[in-house]
Amino acid sequence: MKNGPLFFLGLLIAIAISWGGLVLGSHAQLSSLAPYFDDTQGQSYPARMNGIAARGQLVYADLGCAACHTQQARRGDFGSDKARGWGDRQSVARDYIYQPRPQLGASRFGPDLATYGARVEKNADATTQVYNFLYTGSATHPSYKFLFEQVEKTNAFQCKFQSFFMPITGQPSAKALKLSGIPAGEQVVPTERAQSLAAYLLSLSHSFQYPEAAPYVPAAGAKH
């Protein structure tokens, strides 16, 4: 080919322009997104995740939860997410601006979790509910018992001097799960990973109605 080098140069330029438009253009557009300040509530949305919830996102990613769960609710006229109670509006880019690793997911073997925290926040014992589910699992969800420890019910005095004194039975941990079949004198408590994961799941609340999340309503007389 006489014009081979010129052809490959043109091909390289075309790929570079396409990549730049897709990647750099999208980055320039999305990186400029800022929190939305609601004057009526005097608060910005979305809020930053606290430290333990941010650590929980790492646990979520480490366990591969995104393989079975999504975090992107679809708009009301596209699928049945709203009917299932997974969200009252579609997810938008602003929902993820404070998430360094958005766990969008691709498959839904389990329910969408974009609004999980908002769905259970009315339950005063929501954290315990999450712990129990993670420990016991269900017919369609594996048990994550490795996120918990089964330890003796001991108090601080024993823990400090147990090499010098006989075991002393103390009060159970406030975080201990209420389970049947646990030997007397022992308790099941969540590890730091379990606590972080629960905090992250309960922080998921893509429920604020951003202007861009409102359904599109054609103007009167507009042609479709």
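Read-outs throughout are calculated quantities, based only on the coordinates presented, and are distinct from any laboratory measurement. From a predicted model like this one, the values you see are computed outputs, not experimental measurements. Backbone-built Cβ (ideal geometry, glycine too); neighbour counts: all protein chains shown.
Summary of values
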| read-out | value |
| --- | --- |
| Modelled FRET efficiency - R0 35 Å, Glu192 with Thr140, Cβ distances, 0.05 increments | 0.85 |
| Debye intensity ratio I(q)/I(0), log10, region 88-132, q values 0.15, 0.30, 0.33 Å⁻¹ (C-alpha model) | -0.53, -1.14, -1.18 |
| Dipole magnitude of the chain about its Cα centre (Cβ charges: Lys, Arg +1; Asp, Glu -1), debye to nearest 20 | 320 debye |
| Mean Cα-pair separation over length for the chain, i.e. relative contact order, pairs under 8 Å, 6 or more apart, % | 24 percent |
| Estimated distance in nm for a label pair at Asp88 and Glu152, the labels positioned 7 Å out from Cα along Cα-to-Cβ | 5.2 nm |
| Difference of contour (0.36 nm per residue) and Cα-Cα distance, Phe8 to Leu104 | 30.9 nm |
| FRET efficiency, Val217 to Leu30 (Cβ-Cβ, R0 22 Å, nearest 0.05) | 0.30 |
| Where labels lie 7 Å past Cα in the beta-carbon direction, separation of Leu58 and Asp77 in nm | 4.4 nm |
| Sequence-separation-based contact order of region 1-129, relative, with Cα cut under 8 Å and 6+ spacing, percent | 23 percent |
| Isotropically averaged projected area of the chain, using the convex hull of Cα atoms (one quarter of hull area), nm² | 23.2 nm² |
| Order by protection proxy (mean Cβ within 10 Å, highest first), peptides 4-12, 42-50 | 42-50, 4-12 |
